[in-house]
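Novice: Have a look at this one before I ask anything.
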Amino acid sequence: MTRNSSDPCEQLTARVCGPRPLLDPRSSIARADLVEIGLSSTVAAGRYVAPLPMQVVVPRSAMRKSGAADAVAVSELLFGEGFDLYDSEGCWGFGRSTADHYTGWVLLSAVSEPGLPPSHRIAARRAPVFAGPDIKAAVVAELPFHSRFAATMSGRFAALETGGYVHLAHVEPIDTRAIQPIAAARLFTGAPYVWGGRSPDGVDCSGLVQMALAACGIAAPRDSDQQLAALGTAVPFGERTAGDLIFFPGHVGMLADGDRLFHANAHWMSTVEEPLADVIARLEATGIAAPVTGVRRL
């Protein structure tokens, strides 16, 4: 973010902190020209910046690798999620999602100053937002699964702090937990495969797992390699069962039962359930001798 040296959120310094540690750029704000202030004791930099808290105010917004509309999407932000802003260039802002600590660039028009803490979330695949508390009222937006918001009750509707009404059939309190991740995952059945996606309008393999677990109150990292390292406990492949996560090179899915995999995948360009053996056979046909890299039980 362009700021002058009098900004209390930024410190300009020439301190030397020793060798730069190895940091994952997917989660750490440590560019050559800018370092998050939380790393000031370990990372040498000429410019340290504190985050400016923001909140997503559009149904969904891609996080991109750079500040350009044609840049590769690395993830996605959903309505009501937090975004810590560290820098801006033109109409783009660079920062980190507070939901999963993933970094990227977003359109500044997609975020605004935070409102009240969220009290509810969308429990349906997607939910219409009505202009008034009436199912015949104009639909002004649609919010995807797991969007979150502050709301007060108005008859059969939740009145959003930001405006509009969502029917209570599509809403649940923010602390409600799904019984099983696979049940939440099935809300994404048929969702198109979209690299970086996290919603039923488009999702990738790790985004599907992340959102299904989020519905159960389980925080998960964004990417499949991070999920393999952080989630659950390792299980031998021969002892797999329903609900286990199965990892492959650059891919992850969830077992619907011991022999069927539910996953978002580029082969079908969709979110489907299919025999695990078919997935393994496809990968072996590409020359991968040992396709399964891990089984994790939550």
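Novice: Could you tell me whether Ala169 is out of contact with any Lys or Arg (no Cβ under 9 Å at 6 or more places or on another chain), outside the structural domain of Val74 (by TED's automatic domain parsing) and of a type outside the set (Phe, Trp, Tyr)?
Specialist: Answer is no for this residue.
Novice: Given the criteria outside any loop (DSSP other than H, G, I, E, B) and modelled with pLDDT under 95, does Gln11 qualify?
Specialist: Yes; evaluated as a whole, the condition is true for this residue.
Novice: Please work out if Ala264 is among the small types (Gly, Ala, Ser) and touching a Ser or Thr at 6+ places or on another chain (Cβ under 6 Å).
Specialist: yes
Novice: What's the total number of residues in region 196-211 that are closer than 18 Å to Val279 by Cα and touching a Gly at 6+ places or on another chain (Cβ under 7 Å)?
Specialist: Final tally of qualifying residues: 2.
Novice: On to the next question. If you scan region 100-122, which residues turn out to be outside any strand (DSSP E or B), without any contact (Cβ under 8 Å) to a residue 60 or more places away in the chain and under 17 Å from the mean Cα position of the chain (by Cα)?
Specialist: The answer is Ala110, Pro118.
Novice: So for region 227-241 (the condition being surrounded by fewer than 16 Cβ atoms within 10 Å (Cβ to Cβ) and within 19 Å of the chain's Cα centre (by Cα)), does at least one residue qualify?
Specialist: Here is the first cut: in region 227-241, the ones surrounded by fewer than 16 Cβ atoms within 10 Å (Cβ to Cβ) are 229-230, 233-234, 236-239, 241.
When the remaining residues are screened for being within 19 Å of the chain's Cα centre (by Cα), the result is 229-230.
Yes, that holds for at least one residue.
Novice: Ok, one more. Where residues in region 244-266 are over 13 Å from Pro291 (Cβ atoms) and surrounded by fewer than 16 Cβ atoms within 10 Å (Cβ to Cβ), which of them is nearest to the chain's Cα centre (by Cα)?
Specialist: Step by step, filter region 244-266, then rank; the result is Ala266.
The values are calculated or read from the model by the stated rules, or taken from the named source; none is laboratory data. Since the model is a prediction, treat every value here as computed from it, not as a measurement. FYI the Cβ positions are ideal-geometry reconstructions off the backbone, even for glycines, and counts take in every protein chain you see.
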